[in-house]
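Notes follow the structure.
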Amino acid sequence: MSASPIYRQNVRGVLIAARNLEEVVGKGDENEVYALAGDLLSAALARESAGAVAGFQEQAAPAAEGVPAPSAEDELTLALTELEVGEVLLTSAAATMPDEPDPGSIGLLAGAVDGLSAADRLQEAGSSAVTNLFGGATADPLEFFTDLPATVGGVVRRTAAVGTDTVAGLATIPVSQVEPLFGAALSTAEALLHTGDQIAALARAGMRAVMRALRALAQLVPDNLRDQVSGWARKWWDGHADTIAEQLSRRVLAVGELEARIAGAVEAARFRADLDSSLREGADRLKDLDQRHGRIVDALARIVRALGRVIAPVAAAFPPIAPWILAAGGGGMVTALGITVWIGRDYLDTGVPFERVPGVRLVVAHATGTPALGG
């Protein structure tokens, strides 16, 4: 699901039109504002054909023979970009309503344009720009013993940050409407997508883009893991009020169990000169895990923050679609948090039904010559 040239070209068409609109809204002639809003709508509609967007797949598709499957970073960056397109269109609609635009909505539009610009730069860089950072072997095997806690700590810290942002975003939703988000929020948002017939075409285009992004995000989760991902997000929500974020992160990620399981093997390895080569390799693999996890969770964090920015103001600007924005925005944040926990547990090897990478526990098993840790 990595971006095709046509997809990126069309995103840039939206970005240019949105930037032009943002420069005059609230300052320029009303006719000029509406003309530029029309240009933005044209750029948005030009991307769509029968509800689909060229170069964007909402469903996972098998890679063609000889073509590598897209990385998690690529998949998340594409979902993020489509979400940012939706945010730009929704905030543009709010900033160009017939009444005098609210200064707050103009500020939101500026932030949304900056967000789409940043996502476009991520698309341009791609995951290939950050691979092979550690092509040379680590010189000192002792680095393994400092890289190990640093890698685990990075996973904990980044997961905690996404959890904190998610809680802050969900706090903008009425408490009575938060609980259903841990069930069928996406299907609820789908059902509400076509409500509010009086909503401007620009806002409708934004709603469609947001839903495409959320479908793509949901498709990252294997079928046998969906209930578990929702359960992890619920566990975080239930525990956030009385637990410090990093402590909650350690608990949800089962870090204590991991540390207890590997402690003996790690300590024994300090006194074995025959492990120098495997410890060097282990240190390199830990560095790589830390970097890859950082890139993936950065994309998830951006998704959570983008959704959190628009929930309250868009719901206020368009009351007919308030139920949709609460379900879509809140449900998207819940999904992103659940995926963050899944990715964290996968990278730590603390128990998930579906694993994408050989994580910390397996790295330790190989580096310390303790195969039993890998079972």
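Only the coordinates and a few stated rules stand behind these numbers; no lab work does. Bear in mind that the values here come from a model prediction, so they are computed numbers and not experimental data. Cβ: placed from backbone, ideal geometry, glycine included. Neighbour counts: every protein chain shown.
So here's what we get for this one:
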item: Where the Cα pairs of region 311-375 fall when distances are cut into 10 Å bins, in %; result: 20, 29, 17, 16, 12, 6, 0
item: Neighbourhood net charge (14 Å Cβ-Cβ; Lys/Arg +1, Asp/Glu -1) for Ala299; result: -2
item: Nearest-0.05 FRET efficiency for Ile244 and Ala52, computed from C-beta distance (R0 35 Å); result: 0.20
item: Inter-site label distance for Ala254 and Asp140 at 7 Å from Cα along Cβ, in nm; result: 3.4 nm
item: At R0 = 22 Å, FRET efficiency that the Cβ-Cβ distance of Gln9 and Arg295 yields, to 0.05; result: 0.35
item: Label-point separation, Ile16 to Glu267 (7 Å along Cα→Cβ), nm; result: 6.4 nm
item: Length released on extending from Ala372 to Ser117, taking residue separation times 0.36 nm less the Cα-Cα span; result: 87.0 nm
item: Cα-based Rg / Dmax (Å) for region 250-375; result: 19.9, 69
item: Förster-model FRET efficiency, 41 Å R0, Asn31 and Val178, C-beta, rounded to 0.05; result: 0.45
